[in-house]
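Worksheet: the structure to be examined is printed underneath.
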């Protein structure tokens, strides 16, 4: 396997990211609705999507919520943010910054405080989750909500075994992230949400070949092709059906005086 280059991975994948990442016509709508309901979003909220990528979820959340203040789409990849559009759609404001930049106050935001923040499948890219989540919690207004969405430490994807093992090595335990949120002074709740995915096998093979998951970027071309042969042998069915299970970690900042 090669060294992991997360930033370079997303820069290379940006132009085709939505094509390779969208599992089906209903996945984005389903996940965005779960984000909006878990964060109890209202049109008056000041909202940030940290690690937004191409803004696919922020765009749908904006459609659901119709925000009075544009949702801040924060990502360190200029190429990924460029897929949001120029000019960006109404209700979205792209900001080139990392989660660490926002947490440390190195990047200026148009809002002094935020009412809601979410990080979807990006906390595993953060070098120091405890410090970063503490800093993000400090950006919340009283009563503000911080949602971390992440995969569990093991997944049931129809990937080749070396990829599944490598994912388990890299993925942080949601219980550790719960602890970080509580240490940041947030009242924290954990629930698990599951969505069944049904994909044409060759579409999924194409996603794997494009390294749609960042941990696949550590495999060489020959390792990916060998893994695809393994996948095809293990899954001869033309349509793959498998569960996508997410941990939803919600932290709520106490109201002042409580």
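Starting from residues that are closer than 17 Å to residue 145 by Cα, free of Cβ contacts under 8 Å to residues at least 60 places away in the same chain and in contact with a helix residue (DSSP H, G or I) (Cβ under 9 Å, 6 or more places away or on another chain), keep the ones in segment 75-119 and report whichever is surrounded by the fewest Cβ atoms within 10 Å (Cβ to Cβ).
Within segment 75-119, the match that is surrounded by the fewest Cβ atoms within 10 Å (Cβ to Cβ) is 103.
Of everything in segment 99-136, what is more than 17 Å from residue 186 (Cα to Cα), within 15 Å of the chain's Cα centre (by Cα) and outside any helix (DSSP H, G or I)? Give them in sequence order.
Scanning segment 99-136 gives 120, 121, 122, 126.
State all residues of segment 172-198 that are crowded, with 18+ Cβ neighbours inside 10 Å and either modelled with pLDDT under 95 or assigned to a loop (DSSP other than H, G, I, E, B) (or both); if no residue qualifies, say none.
Listed by number, the residues that qualify are 184, 186.
Tell me, which residue of segment 143-167 that is surrounded by 13 or more Cβ atoms within 10 Å (Cβ to Cβ) and without any contact (Cβ under 8 Å) to a residue 40 or more places away in the chain is nearest to residue 51 (Cα to Cα)?
It comes out as 153.
The values are calculated or read from the model by the stated rules, or taken from the named source; none is laboratory data. Computed from a prediction, not measured in an experiment: that's the story for all the values here. Note that each Cβ is placed from the backbone with ideal geometry, even for glycine, and that neighbours are counted across all protein chains shown.
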